[in-house]
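The values are calculated or read from the model by the stated rules, or taken from the named source; none is laboratory data. Please read these numbers as outputs of a predicted model, since none were measured by experiment. Glycine also receives a Cβ, built like all others from the backbone with ideal geometry; neighbour counts cover every protein chain displayed. Note: accessible area is taken over every heavy atom of the protein model, side chains too, but ligands, DNA and RNA are not part of it. Shrake-Rupley method; radii C 1.70, N 1.55, O 1.52, S 1.80 Å.
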Amino acid sequence: MNKQTFVRYWRQVRRLTIKLLDEFPPDSFDFRPAPEIMTVSQLFKHILQVEIYIREGFLTGKWEIPEELGNNIFEKEMLKDKLTIESRKTIQLLSEVPEGKFMKIIKTPYGNLSGEILLQVAVDEEIHHRGNLYTYLRCLDKTPPQMIQYYGEILKEDDDV
């Protein structure tokens, strides 16, 4: 997949993640279906941390785990803002990367990968944890948003998240 199509695809993935976040009631961010797994809040924060970790590692070659996001009385709004801001930053920065760097094989904590495959790891991680969050919503007797309708928009040119 070329860089431009990949960036559009990731934008659509994030739009659905934010739509999913919108479905959670504000008082549900400490919910977890079982004691040994992450809460709603921890899953959304993990999605953000992986995005930042991989983005910064790809762009700078420095593989540093980003700071954890703290708890906030306005958890839902804070997470939505952070998901939006980081997505825009990622999209902007990746849009500026030359196609050659996107396809170049680099050394990463995941092995020697092209930038395209490395960034796909972040997208896969988001989609994987979004699947967990769909299950959490069902446990809360909520209906998750449908995903298929958004994929027809991948080739749109707008920059909104």
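At a glance:
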quantity: Carbon plus sulfur fraction of accessible area for the chain, probe 1.4 Å, in percent; calculated: 53 percent
quantity: From the coordinates shown, Cα extents along the principal axes in Å corresponds to which of [x] 50, 32, 25; [y] 46, 34, 24; [z] 50, 39, 25; calculated: [y]
quantity: Set Lys76/Lys104; Lys76/Lys101; Lys82/Lys104; Lys107/Lys142 screened for pairs whose C-alpha atoms are more than 31 Å apart; calculated: Lys76/Lys104; Lys76/Lys101; Lys107/Lys142
quantity: Separation in nanometres of the label points that stand 7 Å from Cα toward Cβ, at Tyr110 and Arg88; calculated: 2.6 nm
quantity: Angle in degrees between helix 75-96 and the longest Cα principal axis of the chain, rounded to the nearest 10; calculated: 10 degrees
quantity: Electrostatic dipole magnitude of the chain [Cβ: Lys, Arg +1; Asp, Glu -1; Cα centre; debye, to 20]; calculated: 400 debye
quantity: Cβ-derived FRET efficiency at R0 30 Å, Asp141 paired with Asn71, nearest 0.05; calculated: 0.75
quantity: Between 0 and 90°, nearest 10: helix 115-139 axis offset from the chain longest Cα axis; calculated: 10 degrees
quantity: Gain on full stretching of the segment that runs from Lys62 to Met103 - 0.36 nm per residue minus C-alpha separation; calculated: 12.9 nm
quantity: Sites Ile117 and Phe31, calculated FRET efficiency, Cβ-Cβ separation with R0 25 Å, nearest 0.05; calculated: 0.15
quantity: Surface per residue (accessible, 1.4 Å probe) for the chain, Å²; calculated: 54 Å²
quantity: Cα-based helix-to-principal-axis angle, 40-60 vs the chain, degrees rounded to 10; calculated: 10 degrees
quantity: Within the range 1-69, chymotrypsin sites (Phe, Trp or Tyr not before Pro) in DSSP loop having at most 15 other beta-carbon neighbours inside 10 Å; calculated: Phe31, Trp63
